[in-house]
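**Student:** Mind looking over this structure? Questions follow.
The values are calculated or read from the model by the stated rules, or taken from the named source; none is laboratory data. Quick caveat: nothing in here was measured; it's all calculated off a predicted structure. Because the Cβ atoms are built from the backbone with ideal geometry, glycine has one as well, and the counts that use them run over all protein chains shown.
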Amino acid sequence: MSDGTLELVKVTKRYGETVAVDAVDLRVPAGTYCCFLGPSGCGKSSTLRMIAGHEIASSGDILLGHGNITNLPPSKRGTAMMFQNYALFPHLTVRDNIAFSLKMRGQDKAARYAKAASVMELVDLGPFADRMPAQLSGGQQQRVALARALVTDPGILLLDEPLSALDPFLRLRVRTELKRLQRELGISFLHVTHGQDEAMALADLVVIMKDGKIEQSGTPQDVFHRPRTAFVARFMGGHNVVTLEGQPLTVRADRIRLGQGGEATRTLSGEVRGVEYQGASVTLVIATQRAGEITAVIPEELYFAAAAELGDTRTIHWARQDEVVLSASA
Ligand SMILES: Nc1ncnc2c1ncn2[C@@H]1O[C@H](COP(=O)(O)OP(=O)(O)OP(=O)(O)O)[C@@H](O)[C@H]1O
C-alpha cells in the first residue's frame, strides 16, 4: 500500500468555457475520511475524477505520497474508485467481478481468487461468491462494487455518492460499514456527497465546495460550530443567518431560548409564524422586525412550560458568545 497523503495544488478543470474546478488547494493526510460536500454542479465529482485519473486536470498538480500523479493513467495512481451506479459486469460472478482488475494486471487465477476471497470476507460477501449481480440485493451489489475497488490495495479509495441508490435504512447501515472499513484499512477515503448529515457522521475532514472553489474545510465540528460564510452556515443547516447592526452573523437554532435574556445576550421579539413538534424538541419560527425570521429549536420541556400559538408575540434571546461573525459571501 502506498503512503497515502494527498495534495492538490492549484488544481483546475475547465470544460470549454465552464470552470468546473477553480485552482483548488487541499491536503488530505494519510488515513483520513474526507467528505466533499456541496450543491449540485459545484465541482465535487470533477475533483474526484481528476484524482482518479478519469479526467485530466487542465492545470495544477495532484500529489499522492511522494509522487506526482497528475498525468498518470488510473491504474498507475494507487487510487481506486467506486462508482455511483456500481458498474458491475452482469455476466460475471461476484468473485470474477472482484478479481477482474487483477486479471487485467496479469495475476494468475490462484493469486487473484485468493485476494478476492480475502476482500469478500472483509465486506461479508463470502456466501455470495458464485452469484451473478442480478441475484443480489442493492446493498449486496454495492458491497461488490466496494470489494472490486479495494482488491488492488489502493492508497486512497474514491467514492462518488456511494450511498445515494440505497434506501434510508440501508444507507445508515452501509455508512457505519464504510467508516469501519476505512478505520480497519487505515487508508484515506474521499467520499462525495450531497448530504451534510452523511458528511458530519463520517468525515474527519469536511470540504465544502461552491462554484468550483473550496468555501471552507475542517473537521465537522469546526465547520458546524464556526461556519465562515453565510453559504456554509445555510448549507450545514441548523443555523440562522442574520444581519444585526450591519454585521452578518450566524447563530445556531438550538442555541435560541424563549423569554428575556440576561447579561451578554441578544433579545428580540416577534410573531410566531410556525410551530412544529419534533418529539424531543419543538421548532419555532419567529418573525422579528430587527432580524427577519428566526428559527428556534427548543427542547420539548422548555417549550411546553411556555407553549406558543401561531400569531402570538414571543421574546427570544441568545448568548452573544453563541454568535459567529460571518465574512462577506453570497
Ligand atoms: N464532461 C463535462 N463536460 C462539460 N461540462 C461538465 C462536464 N462534467 C461536468 N461539467 C460541468 O462542470 C461543473 C461541475 O460539475 P461536477 O459534476 O463536478 O459537479 P458536482 O458538484 O459533482 O455535481 P453533482 O452533485 O450534481 O454531481 C458543472 O457546471 C457541470 O455542468
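**Student:** Every residue in segment 23-47 that is farther than 25 Å from Ser164 by Cβ and not in a loop (DSSP other than H, G, I, E, B), please.
**Tutor:** Result: Ala23, Asp25, Arg27.
**Student:** Taking Gln142 as meeting all but one of (1) surrounded by 15 or more Cβ atoms within 10 Å (Cβ to Cβ); (2) more than 16 Å from the ligand (Cβ to nearest atom); (3) at pLDDT 95 or above, write down the number of the exception.
**Tutor:** The number of the failed condition is (3).
**Student:** Here's a follow-up. Of the residues that sit in segment 277-330 and are among the charged types (D, E, K, R) and part of a strand (DSSP E or B), which one is farthest from the chain's Cα centre (by Cα)?
**Tutor:** Quick first cut of segment 277-330, residues among the charged types (D, E, K, R) only: 290, 293, 300-301, 309, 312, 314, 320, 322-323.
When the remaining residues are screened for being part of a strand (DSSP E or B), the result is 293, 314.
On the way: Glu293: 28, Arg314: 37 Å.
Residue satisfying both the conditions and the ranking: Arg314.
**Student:** Can you tell me which residue in segment 7-18 is surrounded by the fewest Cβ atoms within 10 Å (Cβ to Cβ), limited to those that are part of a strand (DSSP E or B) and more than 8 Å from the ligand (Cβ to nearest atom)? Give the derivation first.
**Tutor:** Step one: of segment 7-18, the residues part of a strand (DSSP E or B) are 7-15, 18.
Now narrow it down to the ones that are more than 8 Å from the ligand (Cβ to nearest atom): 7-12, 14.
Details: Glu7: 16, Leu8: 24, Val9: 17, Lys10: 12, Val11: 23, Thr12: 19, Arg14: 15.
Selected residue: Lys10.
**Student:** Just need a number here: residues in segment 272-295 that are under 25 Å from Gln247 (Cα atoms) and buried (at least 16 other Cβ atoms within 10 Å of the Cβ).
**Tutor:** Summing the residues that are under 25 Å from Gln247 (Cα atoms) and buried (at least 16 other Cβ atoms within 10 Å of the Cβ) in segment 272-295 gives 8.
Condition check ((1) under 22 Å from Val174 (Cα atoms); (2) out of contact with any Cys (no Cβ under 6 Å at 6 or more places or on another chain); (3) buried (at least 21 other Cβ atoms within 10 Å of the Cβ)) across all residues:
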residue	(1), (2), (3)
His91	no, yes, no
Val94	yes, yes, yes
Ser101	no, yes, no
Lys109	no, yes, no
Arg112	no, yes, yes
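**Student:** I've got another one for you. Restricting segment 224-239 to residues that are surrounded by 21 or more Cβ atoms within 10 Å (Cβ to Cβ) and not hydrophobic (A, V, I, L, M, F, W, C), which is farthest from Ala296 (Cα to Cα)?
**Tutor:** Pro227
**Student:** Condition first: at pLDDT 95 or above and not in a strand (DSSP E or B). Now tell me which residues in segment 247-260 satisfy that.
**Tutor:** Hits for segment 247-260 are Ala253, Asp254, Arg255, Ile256.
**Student:** Could you tell me whether segment 175-184 includes any residue that is among the hydrophobic types (A, V, I, L, M, F, W, C), more than 18 Å from the chain's Cα centre (by Cα), closer than 24 Å to Ser45 by Cβ and in a helix (DSSP H, G or I)? Step through it out loud before you land on a result.
**Tutor:** Start the filter on segment 175-184 by keeping residues that are among the hydrophobic types (A, V, I, L, M, F, W, C), which leaves 178, 181.
With more than 18 Å from the chain's Cα centre (by Cα) added as a condition, the list becomes none.
For segment 175-184, residues among the hydrophobic types (A, V, I, L, M, F, W, C), more than 18 Å from the chain's Cα centre (by Cα), closer than 24 Å to Ser45 by Cβ and in a helix (DSSP H, G or I): absent.
**Student:** Only residues that are more than 16 Å from Pro220 (Cβ to Cβ), within 10 Å of the ligand (Cβ to nearest atom) and not polar (S, T, N, Q): list them for segment 23-40, please.
**Tutor:** Pro39
**Student:** With Asp61, Asp22 as the choices, which residue is over 22 Å from the mean Cα position of the chain (by Cα), surrounded by 14 or more Cβ atoms within 10 Å (Cβ to Cβ) and at pLDDT 95 or above? Step through it out loud before you land on a result.
**Tutor:** Values: Asp22 fails: over 22 Å from the mean Cα position of the chain (by Cα).
It is Asp61.
**Student:** Further, regarding this structure: I'd like to verify a number: residues in segment 214-246 that are charged (D, E, K, R), farther than 24 Å from Val21 by Cα and in a strand (DSSP E or B), how many?
**Tutor:** So the count comes out to 0.
**Student:** Looking at Leu172, Leu150, Leu163, Leu159 in this structure, which one is away from the ligand (no atom under 16 Å from the Cβ), on the phi < 0 side of the Ramachandran plot, in the same structural domain as Arg95 (by TED's automatic domain parsing) and surrounded by 18 or more Cβ atoms within 10 Å (Cβ to Cβ)?
**Tutor:** Details: Leu172 fails: surrounded by 18 or more Cβ atoms within 10 Å (Cβ to Cβ); Leu163 fails: away from the ligand (no atom under 16 Å from the Cβ); Leu159 fails: away from the ligand (no atom under 16 Å from the Cβ).
Matching residue, one of Leu172, Leu150, Leu163, Leu159: Leu150.
**Student:** Okay, next question. From the list Val285, Val297, Val324, Val272, which residue is at pLDDT 95 or above, over 24 Å from Arg226 (Cα atoms) and not charged (D, E, K, R)?
**Tutor:** Working: Val285 fails: over 24 Å from Arg226 (Cα atoms); Val297 fails: over 24 Å from Arg226 (Cα atoms); Val324 fails: over 24 Å from Arg226 (Cα atoms).
When all the criteria are applied, what remains is Val272.
**Student:** Consider Arg252 against the criteria (1) buried (at least 19 other Cβ atoms within 10 Å of the Cβ); (2) under 21 Å from Leu26 (Cβ atoms); (3) among the basic types (Lys, Arg): it satisfies all of them except one. Which criterion is unmet?
**Tutor:** (2)
**Student:** Among the residues that make up segment 50-65, is at least one of them in a helix (DSSP H, G or I), within 13 Å of the ligand (Cβ to nearest atom) and in contact (Cβ under 8 Å) with a residue 40 or more places away in the chain?
**Tutor:** First, pick out the residues of segment 50-65 that are in a helix (DSSP H, G or I): 50-52.
Checking the rest, the ones that are also within 13 Å of the ligand (Cβ to nearest atom) come to 50-52.
Remaining after also requiring in contact (Cβ under 8 Å) with a residue 40 or more places away in the chain: 51-52.
Scanning segment 50-65, I find at least one residue that is in a helix (DSSP H, G or I), within 13 Å of the ligand (Cβ to nearest atom) and in contact (Cβ under 8 Å) with a residue 40 or more places away in the chain, so the answer is yes.
**Student:** Considering each residue of segment 131-149, count those that are out of contact with any helix residue (DSSP H, G or I) (no Cβ under 7 Å at 6 or more places or on another chain) and over 14 Å from Leu166 (Cβ atoms), and give that number.
**Tutor:** Residues flagged as out of contact with any helix residue (DSSP H, G or I) (no Cβ under 7 Å at 6 or more places or on another chain) and over 14 Å from Leu166 (Cβ atoms) within segment 131-149 amount to 4.
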